[in-house]
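The values are calculated or read from the model by the stated rules, or taken from the named source; none is laboratory data. The structure presented is a predicted model; accordingly, all values stated were derived computationally and were not measured. Cβ sites come from the backbone with ideal geometry, for glycine too, and all protein chains shown count toward neighbours. We work out accessible area using only protein heavy atoms, side chains counted, and drop any ligands, DNA or RNA first. Shrake-Rupley method; radii C 1.70, N 1.55, O 1.52, S 1.80 Å.
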Amino acid sequence: MVCQMEVIASKQKCFVCNKEVSEGIDVLGKFICEDCQKKLVNLSPFDEEYEFYRQKMIDIWEDYIKEIGYEGWT
Ligand SMILES: [Zn+2]
């Protein structure tokens, strides 16, 4: 008996680092890879990359707000 297993790894582009990976999570409709996910969790304001990641999070959030048509900032 021949059992052929095909692993279909649909790769997605990480919103933060633009790497194409199959492992990751969905954050408000944006795909974020495992590496960035870990990075974000351990990120401190003293980190060199803090501003970069922070800006990415703001981008994701702003896109999301636009999508749902939220206008409650006033
Ligand atoms: Zn990433």
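Across segment 12-68, Cα-Cα pairs more than 14 Å apart make up 53 percent of the total.
Just the accessible area per residue of segment 12-68, please: how many Å² with a 1.4 Å probe?
On the way: 4030 Å² over 57 residues.
I get 71 Å² per residue for this part.
Extending 7 Å from the Cα toward the beta-carbon at both D26 and Q55 defines two label points whose distance is 2.8 nm.
Counting other C-beta atoms within 10 Å, and keeping those with at most 14, which DSSP coil chymotrypsin sites (Phe, Trp or Tyr not before Pro) do you find in segment 10-74? Before the final figure, lay out each step's value.
Numbers: sites: F15, F31, F46, Y50, F52, Y53, W61, Y64, Y70, W73; in loops: F15, F46, Y70, W73.
Passing both the DSSP loop test and the Cβ count: F46, Y70, W73.
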